[in-house]
Amino acid sequence: MCIVGGGFTGLWTALALAEREPSLKIAIVEADVCGGGASGRNGGFAMTFWHHFIGLEQVCGAAEALSLARASADAVREIGSFCVAHGIEAEYRRDGWLWTATNAAQLGAWERTIAAIERHGEAPFSELEPDAVALRSGSPAHLAGVFEPTCATVQPALLARGMLRVARERGVSVFEHSPMVSLQRSTPPIVRTPGGRLHAGCVVFAINAWAAQLRELHRAFVTVSSDIVITEPVPDELERIGWRDGVGISDSRLMVHYYRTTRDGRVAFGKGGGRLAYGARIDASFEGPSASASQLTARLRATYPALAATPIAASWSGPIDRSFDGLPFFTELGRRDLICGAGYSGNGVGPSVLGGRILASMALGLDDELAHCGLVRRAPSGIPPEPLCHLGGRLVRGAVARRERAQDAGRRPAPIDNRLARLAPAGLVPLD
Ligand SMILES: Cc1cc2nc3c(=O)[nH]c(=O)nc-3n(C[C@H](O)[C@H](O)[C@H](O)COP(=O)(O)OP(=O)(O)OC[C@H]3O[C@@H](n4cnc5c(N)ncnc54)[C@H](O)[C@@H]3O)c2cc1C
C-alpha cells in the first residue's frame, strides 16, 4: 500500500492497515515532514461530527448519521487513549467545546442542530446559562452558548510526530521530503518521487487541500486559509479571568473564530475562511506568518480585554479543504486501487481517526459498514469551475464579511449580503 501524505489522515490510515493486516507492506511518501501540512499547525480542536448532524443526516440518512456521529465521539476518546498507550505527550485535554454567540445575530445558532439530534433521542450538547458561558470562557463577550463535553484539545504537531513514531514501530516505511511528482495510472499504479518509485496494490491519497490537483477532484472543494496567532505564556492572567482548562471555544459566524489555551498558559486564537486559493494552487501565502495576524490580534484583544497587553509570540496559516456541505468524502478515483480522503473543512483532527479507518477498509477491499458508508457513496462535487469559483468566491466572501461586520455592530445586514452569504459552503451553522 502506498499512502501519499503523512498528516493525520495518512498516519491513521497506515496504523489502521497495519493493525488489520500486520504482514502488509505499507509506505508513506510525504512532501514535507509528517505533520508539516495542516495536521501539525491546526488549532488542535479534536471535535466530533455532532455539530454537522443536519448535513450528515442529509448525506447518509438518520441511522448512519447517528452511528457516524457516535463513532466520531469515540474517536476523540481514542486519541486520548492512543496517546496514553504509546507515551505520546500531546497535551491531550478532554475539557469539551463551547459553541457560543458573540453577537445578537448568532444567538441560538445551534438550535436547529440540537433539535435535529434530539429527534433521535441523543443529547450531546448541554445548554448553559449565559452567565455560565461567560464564566467558563473567561469573557463576557460570549453572550450565550452550548457545551459539548466529548471534545478535546491537543498539541497537534506533537500528536502527528508521536503517530509517526508508532507507525514506524509497526513496520510502516515512511519517506519524508519525498513528494509524489507523478502518478502512473498503470496496473499496478506507480507513484514517482524525486528519489524513486513505488509500485502499489493501492494508492491512498491523504493530501488534504492538495487533492484538488487530482483531476477527479478539481470541483470537490475550495481551498481557503485558516490563520492563527498565539500569545506568550500568561498563566496568571488566565487564572485571574477564570479560563483555566483546555476547553475549545468557537463563535457562530461563517468565518469562524476559534480559540483555546495551551498547557503552558498561552492563548491560540484562530479564524477560518481566510484567503481563497485560485484552483488547486496552494501558494506561499498559505505558509509562514499569517497575513491576517493584526486583525486576529485585534479580535483576540476585543474578546479578552484582560489580555490587551499580552504579546503575540507567533502567527501562521495553512490550507483548508472546504467541501460544500462541510463534510469529508472518501472516494475512488475511477478505479478501486486509487482512493482519496479529504474535505474535512477545518474539522479533521478528530474525524481523521474515522477517515483512516474508512480508507483502510476501502484499500483492503473490505465489504464492511465503513467502506460503504454515506461519506464514501457520495460524489464529491458542487464547486464551480475556475475562474467562476474564484470570482464568485470573492463576491460571496465579501458579502459574508460585510454581513458579519454589520451583525457585530448590531446593524441589520444589507439584503443583498444576506442573499449572497447563503451561497457560501456550510460552516458550523447549517445551510438554509
Ligand atoms: C490553521 C489551521 C487550523 C485548523 N484548526 C483545526 C482544528 O482546530 N480542529 C480540526 O479538527 N481541524 C483543524 N484544521 C484542519 C485540520 O488540520 C485538517 O482537517 C487535518 O489536519 C487534515 O489532515 P490530513 O492528513 O488530511 O491533511 P494534512 O495534515 O494537510 O496532510 C496532507 C499532507 O500531504 C502532503 N502532500 C501534499 N502533496 C503531496 C505530494 N504530492 N506528495 C507527498 N505528500 C504530499 C502535505 O505535505 C501534507 O503533509 C485546521 C487547519 C488549519 C490549516
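The values are calculated or read from the model by the stated rules, or taken from the named source; none is laboratory data. Keep in mind that this is a model prediction, so the values were computed, not measured. Please note: Cβ atoms are built from the backbone with ideal geometry, for glycine as well, and neighbour counts cover all protein chains shown. Only protein heavy atoms, including side chains, enter the accessible area calculation; ligands, DNA and RNA are left aside. Shrake-Rupley method; radii C 1.70, N 1.55, O 1.52, S 1.80 Å.
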Have a look at 414, 27, 132 and tell me which one the Gaussian network model of the chain (Cα, springs below 10 Å) gives the largest fluctuation. 414
At a threshold of 8 angstrom on Cα-Cα distance, excluding pairs fewer than six apart, so keeping six or more, what relative contact order does segment 1-91 reach in percent? 23 percent
Give the calculated FRET efficiency between residue 394 and residue 302 to the nearest 0.05, with a Förster radius of 25 Å applied to their Cβ-Cβ distance. 0.45
Surrounding net charge for residue 332, when Lys and Arg each add one and Asp and Glu each subtract one, Cβ distance under 15 Å: +3
Label point at residue 381 placed 7 Å out along Cα→Cβ; residues across segment 203-231 whose backbone nitrogen lies under 11 Å: 219-220
Show me the ranking of peptides 391-402, 13-24, 181-192 by mean Cβ neighbours inside 10 Å, starting with the highest. 13-24, 391-402, 181-192
Could you run the Karplus curve 6.51 cos²θ - 1.76 cosθ + 1.60 with θ = phi - 60° over segment 122-128 and give me ³J(HN,Hα) per residue in whole Hz, x for Gly and Pro? 9, 9, x, 9, 10, 6, 10
Under 5 Å between amide hydrogens, which residues at least 5 positions from residue 26 or on another chain qualify, with H placed 1.01 Å from N in the peptide plane? 173
What does the accessible area of residue 373 come to, in Å² to the nearest 10, when a probe of 1.4 Å is used? 0 Å²
Sorted by packing (mean other beta-carbon atoms within 10 Å per residue), highest first, where do 253-263, 290-300 land? 253-263, 290-300
How much length, in nm to one decimal, is gained on full extension between residue 366 and residue 240, taken as 0.36 nm per residue of separation minus their Cα-Cα distance? 40.0 nm
Measure off 7 Å from each Cα along the Cα-to-Cβ vector at residue 115 and residue 173, then give the distance between these two points in nanometres to one decimal. 5.7 nm
Whenever you get a sec, line up 25, 271 from highest to lowest accessible area (probe 1.4 Å, protein heavy atoms). 25, 271
Would you tell me the accessible area of residue 283, worked out with a 1.4 angstrom probe on the heavy atoms of the protein chains, in Å² to the nearest 10? 80 Å²
Of all DSSP beta bridges in the chain, what percent run antiparallel (nearest 5)? 75 percent
Which net charge results when you count Lys and Arg as +1 and Asp and Glu as -1 among the other residues whose beta-carbon is under 12 Å from that of residue 374? -2
Could you tell me the relative contact order of segment 323-399? Use alpha-carbon pairs under 8 Å, at least six residues apart, and round to a whole percent. 31 percent
